[in-house]
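What follows is one structure encoded as structure tokens, with my remarks underneath.
The values are calculated or read from the model by the stated rules, or taken from the named source; none is laboratory data. These numbers were taken from a predicted model, which means no experiment stands behind them. Cβ placement follows ideal geometry from the backbone for every residue including glycine, while neighbour counts extend to all protein chains displayed. We work out accessible area using only protein heavy atoms, side chains counted, and drop any ligands, DNA or RNA first. Shrake-Rupley method; radii C 1.70, N 1.55, O 1.52, S 1.80 Å.
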Amino acid sequence: MANIDSERSPSAGSDILNGLGRAFTKTWQAVAMPAAAVLVSMGCGALLLALNGFNGWDIFTVMLSGVFQDTRSIAEVLLKATPLILIGVGLCVAFRCSIWNIGAEGQLYAGAVATTAVGIAFPGLTSWIYVPLVILAGALAGAAWAAIAGLLKIYFRASEIVTTIMLNYIAIIATSWLVTGPLKDAAAAYPQSARLLREAWMPKILPPTRLHIGILIAIALAIAAYIFLFRSSAGYAVRVVGISPHAARYAGMSVSRNILLAISISGAMAGLAGAFEIAGVTFRLYQNISPGYGFEGIAVALLANNNPVGAIFSGTLFAVLRSGSEIMQINAQVPQVLVSVIQGIVILSVVGFGVYRFRSARPSE
Amino acid sequence: MGATPFLRMENIHKRFGPVIASAGVNLEVEEKEIHALLGENGAGKSVLMNILCGVLSPTEGQIVFKGSPLRLGSPREAIRHRIGMVHQHFMVVPNLTVAENYVLGHGSPLRVIRDMKQVSTRIRELSHRYGLDVRPDARIHDLSVGEQQRVEILKVLYHGVDLLILDEPTAVLTPQEADRLLALLRDLVADGKTVIFISHKLDEVMRVSDRVSVMRDGKVVFTTRTAETNPRELARMMVGRDVLMDLPRAQTSPGRVVLAVENLSCNNELGLPAVRGVSFEVRQGEIVGVAGVSGNGQSELALALVGLLPAASGSIRLNGEEICGLTSSEINHRPLSHIPEDRHKMGIVLPLPLTENVILQRYDQAPFSSRGMLRFGEITEHTRDLIRRFKVKASHPGEAIQNLSGGNQQKLVVARELARNPDFLLINQLTRGIDIGATELVMQEVLKQKEKGKAILLISTELEELFAICDRILVMFEGQFLGEVPPDRARLEEIGLLMAGNREEAQRLHNRAGAIEA
């Protein structure tokens, strides 16, 4: 018996070392690719700026110092990061289930509309009830909007890529109609809704900046989504369905139910992003409440390798780029188109590295 | 070896990232011979042949073919050098015709349409010459697996090759079809071709090859004239030790009926009848085999038993309880285990770690799950236990299962299913595509289950597998059971005839054998 013990103990020790080593390689692999994507796109951006007669390094420092100038500018970055993180996290769940939800933009609008409708309808509620209520309304509306595409996929085998894009148009145009018609503020000259009742406003966390509690909720939900995907039985089923529907059926999982669950979660997260924009930032519904957060969220999820915790960082990075692009225009007079091109390069290299990773992760046999 | 051989592969290395598939292979093949390439799964046979036919390029090493060095960038270049390969997984487009498949990727589309008649004529001509019975206008998806294989072989011949490589060609065939194929290989050699064929099966290697090379761990460890060796020596070379060919079997007397199937019928995915009213029983402590050429309803039978395919009519009773009509999730909660036919598609989830493959059906059951959360401590412990008990070669429980060889993947699947301690065990292809060492281990484990009094149904296209462990064998043909035969190698031919649907001839053979015995 002593013999067995003496054999066991060193192996247990080396097990721990091996485990640590593996954890390190795993983390390194998870971080190295996205970092390379970001560096490559920065290099390309600098080159492009240089070709147009700008000093890439100067612009870069102007941009960063602008972005991190003071509390207010940092708060603005986090304000932009909030919807990106929320949408990115939701899409991580959908993509893990191999559901290609391209409709986060439309789901965001659906959430914004629902939040507005509820947020102007019930005077007399206290904040403790009203704020959760408007947020919940937004999340449910986003989930319902996404579930349409899920049901179309389940019952008619309609590609969710196509249907979610179509639903984007419907949501965006319906919003335009609502703010020019039924929900229009009679007192305003512009197409906009009435203002949300004060009790429905989300609390600020860093006055006098506009930063609201949404960023904290987004981070908490990212961690919750990570736990759901990788630590819960239900999340395991979502992942198995995403990788191999045949194996999922063999295991007794319902493919349809998991598809519906995954797309609804991603829709709910996009709906939350819309709710936070209304109840935390604008307090009114406008025609173009999203500058494309729903589409940028796809890149956020890809850069994070569909890891919800990673989406916190990639979402923040995209928010920095977004703020930075404004500063490049204002402080360094870099033309708008050039800024758009640089953003495009970032997204392309993110996707490019994503494809590379996908390829190299495939079995070798 | 004074003269330059027909083909020489020198010091071939191939690495996939950290995985070494070929570790300095040297192989020489002479002109107009049948050269068998024998080895366990993961020994590097397929990789080596994929290098030879231009699918993969070697990390190191060179190939000398007909006296000049060969560098191939694609299978099409290999064809240009008159080297062609018939892969294990057929490389044809199912919804095109045979002739269309042959011209696919060769020549401009316009010329192809113009020449189609000519192509068909040539296919008929070649088909006739080698007795292959391939119709150029048949659509691939209408053909049986055996026919598809003939289509593949003829495709390579159509493109005109001198060196033909076949990757485990008999795996999907009846004994008669396999005999025909082996005879065809002889004809091809007589016609001036050279053949390399990859195989697991010692007997066919012994029967048909002129020379044989054995691969182990990415190297050729042994090459000899077939006439100068024997199956035991080859088996030893493959695994590096002696193999028991016959497993000791405890005589158990069957107990009560565990699974009773009555008049079960079901349709395949296309809605065509696949199982036509089969009835059978499986008792405690017996292994019932289902023999048959693939595509005769065995897959559908298996899926119907576990609720993955709806039955059109009939009844399935497990321990007296009707389970026909239950969902697969409900059946997963019954004392029934299922080792599926297609490991990669159904039995495992390739990119996931071993731990997450072990819990596939029990992900929401204690002890692996509690209050909705996975309990990784329990899961890892259980995985370690299975790895140890079934000698699965894996570096750690967190390793992705796709990094394991086929044999080790199957060991884990078998381990997982047996660990569920079922009353009834459904096995569809126990040893498909796995090496001798793993085959022996899983077979012994299944026999142990029988001794414990489990009821086992083993569906297999591999007769050796059925002979080795079954107590009785049902032969399936076109969705029905044509007969029951004891697992006696002497009655191989009879089983073969039943598998080919020839009940009368089988009966005659059986009667004659009976007469001789009397």
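So, in segment B:476-487, how many residues would count as being under 17 Å from B:Glu286 (Cα atoms) and either assigned to a strand (DSSP E or B) or within 22 Å of the chain's Cα centre (by Cα) (or both)?
3
Spot the failing condition for B:Thr439; the list is (1) without any contact (Cβ under 8 Å) to a residue 40 or more places away in the chain; (2) surrounded by fewer than 20 Cβ atoms within 10 Å (Cβ to Cβ), and only one is missed. Checking B:Thr439 against (1) without any contact (Cβ under 8 Å) to a residue 40 or more places away in the chain; (2) surrounded by fewer than 20 Cβ atoms within 10 Å (Cβ to Cβ), the one that fails is (2).
Going by the structure shown, is A:Ala237 of a type outside the set (Lys, Arg), open to solvent by less than 20 Å² (accessible area, probe 1.4 Å) and within 14 Å of chain B (Cβ to nearest Cβ)?
It is true that A:Ala237 is of a type outside the set (Lys, Arg), open to solvent by less than 20 Å² (accessible area, probe 1.4 Å) and within 14 Å of chain B (Cβ to nearest Cβ).
So that you can scan it fast, the table gives a plain yes or no per residue for (1) of a type in the set (A, V, I, L, M); (2) on the phi < 0 side of the Ramachandran plot; (3) in contact with a helix residue (DSSP H, G or I) (Cβ under 7 Å, 6 or more places away or on another chain); (4) modelled with pLDDT of 95 or more:
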residue	(1), (2), (3), (4)
A:Arg210	no, yes, yes, no
A:Gly214	no, yes, yes, yes
A:Ile219	yes, yes, yes, yes
A:Ile223	yes, yes, yes, yes
A:Leu229	yes, yes, yes, yes
A:Val238	yes, yes, yes, yes
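If you go through segment B:125-145 and pick out every residue that is surrounded by fewer than 22 Cβ atoms within 10 Å (Cβ to Cβ) and closer than 23 Å to B:Val189 by Cβ, you end up with 9. Of the residues that make up segment B:302-318, is at least one in contact with a helix residue (DSSP H, G or I) (Cβ under 8 Å, 6 or more places away or on another chain), within 14 Å of another protein chain (Cβ to nearest Cβ), part of a strand (DSSP E or B) and closer than 29 Å to B:Thr380 by Cβ? No - not one qualifying residue is present in segment B:302-318. Picking from A:Val93, A:Val134, A:Val118, which residue would you name as being of a type in the set (Val, Ile, Thr), touching a Phe, Trp or Tyr at 6+ places or on another chain (Cβ under 8 Å) and buried (at least 21 other Cβ atoms within 10 Å of the Cβ)? None of the other options fit; the residue is A:Val93.
Confirm whether B:Glu33 is of a type outside the set (Phe, Trp, Tyr), touching an Asp or Glu at 6+ places or on another chain (Cβ under 8 Å) and at pLDDT 85 or above. Spelling it out, B:Glu33 is indeed of a type outside the set (Phe, Trp, Tyr), touching an Asp or Glu at 6+ places or on another chain (Cβ under 8 Å) and at pLDDT 85 or above.
Listed by position, the helices (runs of 4 or more DSSP H) inside segment A:209-263 whose residues that are under 30 Å from A:Phe283 (Cβ atoms) number at least 1 are A:214-231. Buried (at least 24 other Cβ atoms within 10 Å of the Cβ) and within 14 Å of chain B (Cβ to nearest Cβ) - does that describe any residue in segment A:221-228? Scanning segment A:221-228 turns up no residue that is buried (at least 24 other Cβ atoms within 10 Å of the Cβ) and within 14 Å of chain B (Cβ to nearest Cβ). Applying the set (1) over 30 Å from B:Leu38 (Cβ atoms); (2) surrounded by 15 or more Cβ atoms within 10 Å (Cβ to Cβ); (3) modelled with pLDDT under 90 to B:Gly277 leaves exactly one unmet item: (3).
Would you pick out the residues in segment B:185-207 that are at pLDDT 90 or above, among the hydrophobic types (A, V, I, L, M, F, W, C) and outside any strand (DSSP E or B)? Result: B:Leu185, B:Leu188, B:Val189, B:Ala190. Need the failing condition index for B:Val275 against (1) away from chain A (no Cβ under 14 Å); (2) of a type in the set (A, V, I, L, M); (3) in a loop (DSSP other than H, G, I, E, B), just the number. If we test B:Val275 against (1) away from chain A (no Cβ under 14 Å); (2) of a type in the set (A, V, I, L, M); (3) in a loop (DSSP other than H, G, I, E, B), just (3) comes out false.
The condition of being of a type in the set (Lys, Arg), closer than 27 Å to B:Gly39 by Cα and touching a strand residue (DSSP E or B) at 6+ places or on another chain (Cβ under 9 Å) holds for B:Arg416. Would you call B:Pro5 farther than 20 Å from B:Val161 by Cα, open to solvent by 10 Å² or more (accessible area, probe 1.4 Å) and more than 14 Å from chain A (Cβ to nearest Cβ)? Against the criterion (farther than 20 Å from B:Val161 by Cα, open to solvent by 10 Å² or more (accessible area, probe 1.4 Å) and more than 14 Å from chain A (Cβ to nearest Cβ)), B:Pro5 does not qualify. Taken together, the criteria exclude B:Leu202 from residues that are open to solvent by less than 10 Å² (accessible area, probe 1.4 Å) and either of a type in the set (A, V, I, L, M) or more than 18 Å from B:Asp167 (Cβ to Cβ) (or both).
Of the residues B:Glu31, B:Glu60, only one is among the acidic types (Asp, Glu) and either without any contact (Cβ under 8 Å) to a residue 40 or more places away in the chain or touching a Ser or Thr at 6+ places or on another chain (Cβ under 8 Å) (or both); which?
Only one candidate qualifies: B:Glu31.
Looking across A:Ala149, A:Ala171, one residue alone is touching a Ser or Thr at 6+ places or on another chain (Cβ under 8 Å) and at pLDDT 95 or above. It is A:Ala149. Scanning segment B:319-340 for residues being more than 10 Å from chain A (Cβ to nearest Cβ) and either open to solvent by 10 Å² or more (accessible area, probe 1.4 Å) or not small (Gly, Ala, Ser) (or both) gives a total of 12. Among the residues making up segment A:248-295, those that are open to solvent by 30 Å² or more (accessible area, probe 1.4 Å) and under 23 Å from A:Leu211 (Cβ atoms) are A:Thr282, A:Arg284, A:Tyr286, A:Asn288, A:Pro291. Being closer than 21 Å to A:Pro34 by Cα and among the small types (Gly, Ala, Ser) is the requirement here; does A:Gly297 meet it? In short, yes.
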